[in-house]
Ligand code: URP
Ligand code: ZN
Ligand code: ZN
């Protein structure tokens, strides 16, 4: 049993000065002053914010791309997550073409069960839509999977428009939600092939072959498919002002469109691809980093309340040996970048003047919990909710470095950035999982059946 004393609890209505008691993995009591009954660990949280554990709704751990595997597996990735204050992740179990979703779920459980420092849920990435896949939906739902992903891009993953329409129609009756990777795959593949054929092989060609127009077109298409299916849609990793315009247009038509963006699209821009040598490979991710005006537009959208969630798309590969696979051909650079450890600090620092801590908690936790069917078990400081709690010290000052990170990767896109605020104590199901950015070694993560 633990009592957090004198902290400012971050509720949707704003900060509330109160004590909070955790017992048997749950939040057991919230009151102005909790009297210890004896045997509790009493923690002074004066000057700190007490936040619902942060939720990263978009991670790829232990992902096999065919050519290589992500640098972080579930053990190392979730260890890094808790160090930053993330207590739940939603990773993507991915169906292999010709195989079942049930098998994909089994595989992802084998990767995550028993080794995860934070809680985990699975979205199911559907890559082979057919009658058998459709017939699997009730069993999948019974196994706790209610959110799905489809890709408009990547030849080995993408579904055609008709399949996406049927998927939307099929999950709508049980309130399932479909997140879609929105880039026009045909256009992107054509531009990539053309670049390589012309001898344009460096990483600076990555953003040129995945233009914002290809994102906007796919966002627009998804929104119309959502309207035809009479279903909500979720745009994952929105990266551009043009894409955002399409979200706005669909919302103006009265559609329910959820939008996720990520720290990289709010903090970094495409000048990174023009760094000397092969350095740009560190930022090869899809969609790519965009121009300064896109960054500004997305930041404004966050402040205006047009973005529902900020998650990471953590999908990391070492620069040495992995990103280097694409020296001489940028299309062979494994796509993705790290972020799971640093998202909360990056966002609290970067939006400190513009957004209240309560609103940031909504973007980092409650938004994901609501969208993915975990609220109020997750994403809320309420009696009966799971004791996933972060004691956040807004006075802490520190600098992000690859040398000091827990993520199992040899670089960070945020090297040298100075942070304001840090997760001082991180509880997962009431168990202390991290202290001042370092793991305690506790492996308290559980599968979240939704
Ligand atoms: O480059 C990225 N984002 N890799 C991960 C897969 C995806 O598209 O989300
Ligand atoms: Zn994606
Ligand atoms: Zn992703």
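Please arrange 87, 309 by how many other C-beta atoms lie within 10 Å of their C-beta, fewest to most.
309, 87
Calculated translational diffusion coefficient of the range 174-223 (20 °C, 1.002 mPa s; Stokes-Einstein with Kirkwood radius over alpha-carbon pairs) equals 178 µm²/s.
Cut-off 10 angstrom, C-alpha nodes, Gaussian network model of the chain. Which of 342, 181, 109 fluctuates the most? Greatest mean-square fluctuation among the candidates belongs to 109. Structural descriptor for the chain: relative contact order 23 percent, calculated from alpha carbon pairs under 8 angstrom and at least 6 residues apart.
Contact order for the range 290-425, expressed relative to its length and based on alpha carbon pairs under 8 Å spaced 6+ residues apart, stands at 24 percent.
Going by a ≥ b ≥ c, the root eigenvalues of the Cα gyration tensor, does the range 132-191 fall in the rounded group (a/c under 1.5), the prolate group (a/b larger than b/c) or the oblate group? Each step should come with its number before you reach the end.
On the way: a/c = 2.49, a/b = 2.47, b/c = 1.01.
Since a/c reaches 1.5 and a/b is larger than b/c, the shape of the range 132-191 is classed as prolate.
Cβ-to-Cβ counts within 10 Å put 64, 308, 99 in ascending order as 64, 99, 308, the fewest first. For the range 336-427, the spread of Cα positions along the three principal axes, ordered from largest to smallest, is 39, 28, 22 Å.
Computed over the range 373-450, the percent of Cα pairs more than 19 Å apart is 49. The listed peptides 323-329, 145-151, 350-356, ordered by packing as a protection proxy, come out as 145-151, 323-329, 350-356 (highest mean of other Cβ atoms within 10 Å first). Model label points for residue 200 and residue 109, set 7 angstrom from Cα along the Cα-to-Cβ axis, are 4.7 nm apart. For the chain, DSSP calls about 50 percent of its internal beta bridges antiparallel. Summed over all non-identical Cα pairs, the Kirkwood treatment of the range 324-364 gives a radius of 12.6 Å. Just to be sure I understand the curve: with the Debye formula and one point per C-alpha of the chain, what is log10 I(q)/I(0) at q = 0.12 Å⁻¹? Debye output, listed in q order: -0.98. Taking other C-beta atoms within 10 angstrom as a stand-in for reagent exposure, 237, 103, 33 fall in the order 33, 103, 237, fewest first. Just so you know, the Cα atoms of the range 22-68 work out to an Rg and Dmax of 18.7, 57 Å. What separates the Cα centres of the range 337-399 and the range 51-95 is a distance of 16 Å. Any chance you could give the angle, 0 to 90 degrees and rounded to 10, that helix 212-229 forms with the longest Cα principal axis of the chain? For helix 212-229, the angle is close to 80 degrees. Sorted on the mean count of surrounding Cβ atoms within 10 Å across their residues, most packed first, peptides 282-288, 170-176 read 282-288, 170-176.
Just so you know, the Rg over Rh for the range 265-375 is 1.02, from Cα atoms, with Rh as the Kirkwood radius.
For the range 192-293, the Cα gyration tensor yields ellipsoid semi-axes of 30, 15, 9 Å (square root of five times each eigenvalue, largest first, whole Å). The simple spin-label model puts a point 7 Å past each Cα toward its Cβ; for residue 172 and residue 401 those points are separated by 5.4 nm. Here the contact order of the range 377-440, divided by its residue count and restricted to Cα pairs under 8 Å and six or more residues apart, works out to 33 percent.
Can you give the FRET efficiency to the nearest 0.05 for residue 319 and residue 189, using r as the Cβ-Cβ distance and R₀ = 30 Å?
0.70
Relative to the longest principal axis of the Cα atoms of the chain, the long axis of helix 185-197 makes an angle of roughly 60 degrees.
FYI, it's all coordinate maths here, none of it is from the lab. Every value quoted in this text rests on a predicted model; they were computed, and no experiment measured them. Positions of Cβ are backbone-derived with ideal geometry, glycine not excepted, and every protein chain shown enters the neighbour counts.
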